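Trainee: I am attaching a structure below and will ask some questions about it afterwards.
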Amino acid sequence: MNIDQQTSILAIALLAAFADGNKDDAEREEIRRIAHALGSDAGIASLPRIYQDVLLKRTTVQTAAAGLSDSAHRQLAYEMAVCVCDVDGRQTDAERAFLATLKSALQLDAQQTAAFDLQADAMVDVAQEAAPIRSSVGYAPTPAAPKTSSAGPATTVLPAAQEAAMDKSILNYALINGALEMLPQSWASMAIIPMQVKMVYGIGKTYGVELDQGHIKEFIAAAGVGLTSQYLEQFGRKLLGGLLGKAAGRTIGGLGSAATGMAFSFATTYALGQLARRYYAGGRVMSTAVLRETFEGLLAPAKKMQADYLPQIRDKAATLDAGKIMAMVRGA
């Protein structure tokens, strides 16, 4: 796949990201940052411009689709667009309309897309089960004054054995998500965010806080880990690293072709787990600004850990298949 073809697929992914029109300023800025970073890393100077063209509606689905003549590349572009639309939950009417237009522009018929659509829908269904839906007393994403009292914020100290178990659990989630990012299947990274939701839910519960999915996702976003932008970054790294692509019914690429940076989700997940641990142990008093600053401080050492754990990430990736991924997200 050459740079022009990669650029066309990335443009379609960006169009999908903005198809619902509901991205806030923070998420748009994060997507812009990713477009610039991916363009710089891969030498695609036009990618930041494409981001602007998409945001300002100067490019179209038809224009992006015209750059893809290979049927496998058209199929991949459609799959990635579906994943981008699905990553934050059920598709909206606007997203469904976008995907219908895209399917026509890519000259794909229902038979060519039906199997993948079913697989993606199943992942969305499973993701909805990632954490129980409860009445939430979790993170409130407002800049209101932190919850304090004259005695200071309530803190929770766990027994040493429980602390060790939590460390092990956070590391395991990070290894799994690093492995998911290495898999060549275009839908595999959709499981990363539900796994992060499950992790944060478990940490909150350990500290006596029952959370629902909405508040967990708001907490993750407040840390600076946007849902759509995180998936776009994972997808971009896979695409530009040569891990994505199909020909003659078989996957091109493999675990050996994945560069160290491809397991970026290890670092994100590990840092997010440690952030949630501090937040809930400390009585949930961090403001949005402090959450983001703390997360950035945790991310740097997590990236160093990622390189150390790369062999284990690869080993775990070699054991994963669709059934195991679905079972992990469900918690079975």
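The values are calculated or read from the model by the stated rules, or taken from the named source; none is laboratory data. None of these values were measured; they are calculated from a predicted model. Note that we place each Cβ from the backbone using ideal geometry, even for glycine, and neighbour counts take in every protein chain shown.
Trainee: From the list 204, 208, 178, pick out the single residue that is modelled with pLDDT of 85 or more, farther than 22 Å from residue 292 by Cβ, buried (at least 19 other Cβ atoms within 10 Å of the Cβ) and of a type outside the set (A, V, I, L, M, F, W, C).
Mentor: On inspection, the qualifying residue turns out to be 178.
Trainee: If you don't mind, there's one more thing I want to ask. Run down 199, 166 and say which single residue is modelled with pLDDT of 80 or more, surrounded by 13 or more Cβ atoms within 10 Å (Cβ to Cβ), in contact with a Gly (Cβ under 6 Å, 6 or more places away or on another chain) and not in a loop (DSSP other than H, G, I, E, B).
Mentor: Values: 166 fails: in contact with a Gly (Cβ under 6 Å, 6 or more places away or on another chain).
The conditions single out 199.
Trainee: Another question, if that's okay. If you take the residues of the range 228-285 that are β-branched (Val, Ile, Thr) and either modelled with pLDDT under 55 or outside any helix (DSSP H, G or I) (or both), which of them is farthest from residue 12 (Cα to Cα)? Break it down into steps so the answer makes sense when it comes.
Mentor: Taking the range 228-285 first, the residues β-branched (Val, Ile, Thr) are 228, 251-252, 260, 268-269, 285.
Filter once more, so that each one left must be either modelled with pLDDT under 55 or outside any helix (DSSP H, G or I) (or both): 251-252, 260, 285.
Working: 251: 21, 252: 21, 260: 26, 285: 40 Å.
Among them, the one singled out is 285.
Trainee: Here's another thing I want to ask about it. Six or more apart or on different chains, Cβ under 7 Å: which pairs go from a residue in the range 53-73 that's exposed (fewer than 13 other Cβ atoms within 10 Å of the Cβ) to one that's of a type in the set (A, V, I, L, M, F, W, C)? Could you list them?
Mentor: Partner pairs satisfying both residue conditions: 62/105.
Trainee: Of the conditions (1) surrounded by fewer than 17 Cβ atoms within 10 Å (Cβ to Cβ); (2) at pLDDT 50 or above, residue 131 fails just one. Which one is it?
Mentor: (1)
Trainee: Taking the options 111, 107, name whichever one is loosely packed, with under 14 Cβ neighbours inside 10 Å and part of a helix (DSSP H, G or I). Show your work before the answer.
Mentor: Values: 107 fails: part of a helix (DSSP H, G or I).
Of 111, 107, the one residue that is loosely packed, with under 14 Cβ neighbours inside 10 Å and part of a helix (DSSP H, G or I) is 111.
Trainee: Give 9, 44, 3, 34 a once-over and let me know the one that is β-branched (Val, Ile, Thr) and closer than 19 Å to residue 225 by Cα.
Mentor: On inspection, the qualifying residue turns out to be 34.
Trainee: If a residue has to be among the β-branched types (Val, Ile, Thr) and under 24 Å from residue 193 (Cβ atoms) to count, how many in the range 26-85 make the cut?
Mentor: Of the range 26-85, the ones among the β-branched types (Val, Ile, Thr) are 31, 34, 44, 50, 54, 59-61, 63, 82, 84.
Filter once more, so that each one left must be under 24 Å from residue 193 (Cβ atoms): 31, 34, 54, 82, 84.
Residues flagged as among the β-branched types (Val, Ile, Thr) and under 24 Å from residue 193 (Cβ atoms) within the range 26-85 amount to 5.
To keep it simple, each residue is scored yes or no on (1) closer than 23 Å to residue 88 by Cα; (2) crowded, with 23+ Cβ neighbours inside 10 Å; (3) without any contact (Cβ under 8 Å) to a residue 40 or more places away in the chain.
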{"position": "16", "(1), (2), (3)": "yes, yes, no"}
{"position": "22", "(1), (2), (3)": "yes, no, no"}
{"position": "25", "(1), (2), (3)": "yes, no, yes"}
{"position": "30", "(1), (2), (3)": "yes, no, no"}
{"position": "47", "(1), (2), (3)": "no, yes, no"}
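Trainee: If you don't mind, another one. Filter the range 276-332 down to the residues that are under 17 Å from residue 197 (Cβ atoms), more than 18 Å from the chain's Cα centre (by Cα) and buried (at least 18 other Cβ atoms within 10 Å of the Cβ) and list them by number. It would help to see each step written out before you state the result.
Mentor: Going residue by residue through the range 276-332, those that are under 17 Å from residue 197 (Cβ atoms) are 276-277, 279-280, 291, 295, 325-332.
Add one more test, that the residue is more than 18 Å from the chain's Cα centre (by Cα), and what stays is 277, 279-280, 291, 327, 331-332.
277, 279, 280, 291, listed by residue number.
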